[in-house]
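Read the structure below first, then the notes.
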Amino acid sequence: RPRVQLHAQGIVLRDEVPGALIKTKQQQVCRAGEFLVAEIDAKVGGFGVVPEALDGTIVSSHYFLFDLDEAKLERGFLDYFVRTLAFREQVDAQGSTNYAAIRPADVLGYEIPLPPLAEQRRVVARIEELAIQIHEAHTLRQQAGSEMASLESANVDAVLNRVGLTVPLVSLESVAESITDGDHLPPPKADTGVPFLFISHVVRGVVDFTNCKYVPVEYFEALAESRVPRRGDVLYTTVGSYGVPCLVDTDQRFCFQRHVALIRPKLDRVSPRYLLWALRSRAVFNQATSLATGSAQLTVPLRGIRMLSVPLPEMTQQHRIVAELDGLRVEVDVLRRLQAERAVELDALLPAILDRAFKGQL
């Protein structure tokens, strides 16, 4: 069965199921090159031309299929036109304002520029040529992003490995006031109260309260002090995307699930930011992997986290290392912002190209 992606992003495979399991009585067979419109989702871009790979798939009666007269209309020409703002505006304009669904008669009323077939093919060829270049630019940008991440990781490892040659390795337990995890009991839910965070809220290395859940204030206030994060603590993911440290750099009250560990550093022995960088190193991650348990889903237990070894220079050197690595992070962040800006520009290129193409300017 196919799935019509929203925002005119085309048609992809949804799933493959035995026909006997399909309960809808009426089904339609899709043929490559037909124009497929989702009755309900059309106004949010739920339409597209059926690709060759999905020839013979089936859809319910909540979709409309239209044959193309390929003596007049090149399917690639239609495929690109339906991605334009000019087409989307026609879809939005027709039909009842109180009923979001599109009817077949609405579709047949849409208008399309129709130059001769030879010109349609030329336009399609030119669009595809430019689309390939945009795709290549996206690929290069993604490769550059991966290389930046690898370079940052390599530099962190190089700095900490160099330090590890001249200073002792110590267990995490020896430089922490406490190492604990979130409450193991399912927390009560509340519409408002104190934010309750999951791994997804810390796995990017920063505390993120976006779309968080809440627990009652009474529940939070009953937690042990060692389970209540404070500025300067380090959170550490233990399941799934395990081994990701996150510095608590906020005074916002919050608590977290059991699959996140809380490391409270002894401030007279270790700088929180130095500890953050040490836990980001490949050497420590490899230790965590070797100590992980479980087959279906690897978990780093608290006893394993307490055993993790980190190099421990004196405090002045810790501050110098933090300054060096923080400076590197600033440079990488600048490059990432530039990469993100380029991505936005690249995403805007194809719509601009399509707009010009169907105005006869390509």
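The values are calculated or read from the model by the stated rules, or taken from the named source; none is laboratory data. Treat the numbers as computed from the prediction; the structure is a model and nothing was measured. Ideal geometry is used to build each Cβ from the backbone, glycine not excepted, and the neighbour counts take in all protein chains shown. Quick note on the areas: whole protein, heavy atoms, side chains included, nothing else; ligands and nucleic acids left out. Shrake-Rupley method; radii C 1.70, N 1.55, O 1.52, S 1.80 Å.
Data overview
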| read-out | value |
| --- | --- |
| Output for region 231-243, where each listed residue is under 17 Å from P265 (Cβ atoms) and either part of a loop (DSSP other than H, G, I, E, B) or of a type in the set (K, R) (or both) | R231, G232, D233 |
| Residues that are under 27 Å from the mean Cα position of the chain (by Cα) and in a loop (DSSP other than H, G, I, E, B), drawn from region 253-294 | R253, F254, Q257, R258, H259, S281, A292, G294 |
| When residues of region 21-35 are limited to those that are open to solvent by less than 90 Å² (accessible area, probe 1.4 Å) and not in a loop (DSSP other than H, G, I, E, B), the one farthest from T57 (Cα to Cα) | F35 |
| Hey, V228 under 27 Å from D326 (Cα atoms) and in contact with a Cys (Cβ under 8 Å, 6 or more places away or on another chain) or not | yes |
| Complete set of residues in region 185-198 that are buried (at least 19 other Cβ atoms within 10 Å of the Cβ) and not in a loop (DSSP other than H, G, I, E, B) | V194, F196, L197 |
| Within region 3-32, tally of residues that are at positive phi and at pLDDT 95 or above | 0 |
| Given (1) part of a helix (DSSP H, G or I); (2) open to solvent by 80 Å² or more (accessible area, probe 1.4 Å); (3) farther than 30 Å from L85 by Cβ, number of the condition Q297 does not satisfy | (1) |
| Candidates V215, V248, V234, V175, filtered to the one that is in contact (Cβ under 8 Å) with a residue 40 or more places away in the chain, open to solvent by less than 10 Å² (accessible area, probe 1.4 Å), over 29 Å from A149 (Cα atoms) and in contact with a Pro (Cβ under 9 Å, 6 or more places away or on another chain) | V215 |
| Of all residues making up region 293-316, the number that are touching a residue at least 40 places away in the same chain (Cβ under 8 Å) and either among the polar types (S, T, N, Q) or in contact with a helix residue (DSSP H, G or I) (Cβ under 7 Å, 6 or more places away or on another chain) (or both) | 12 |
| Any hit, region 74-82, residues being part of a helix (DSSP H, G or I) and either of a type in the set (S, T, Y) or on the phi > 0 side of the Ramachandran plot (or both) | yes |
| Which numbered condition A53 misses (of (1) closer than 25 Å to E89 by Cβ; (2) open to solvent by 60 Å² or more (accessible area, probe 1.4 Å); (3) in contact (Cβ under 8 Å) with a residue 40 or more places away in the chain; (4) of a type outside the set (S, T, N, Q)) | (1) |
| Pairs with Cβ under 8 Å, 6+ apart, first in region 113-130 and farther than 14 Å from F81 by Cα, second assigned to a helix (DSSP H, G or I) and open to solvent by 40 Å² or more (accessible area, probe 1.4 Å) | L130/L349; L130/L350 |
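Yes/no per residue for (1) under 30 Å from D347 (Cα atoms); (2) surrounded by 14 or more Cβ atoms within 10 Å (Cβ to Cβ):
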residue: A71; (1), (2): no, no
residue: P104; (1), (2): no, no
residue: I112; (1), (2): yes, yes
residue: P116; (1), (2): yes, no
residue: I132; (1), (2): yes, no
residue: R141; (1), (2): yes, yes
residue: N155; (1), (2): no, yes
residue: L165; (1), (2): no, no
residue: P168; (1), (2): no, no
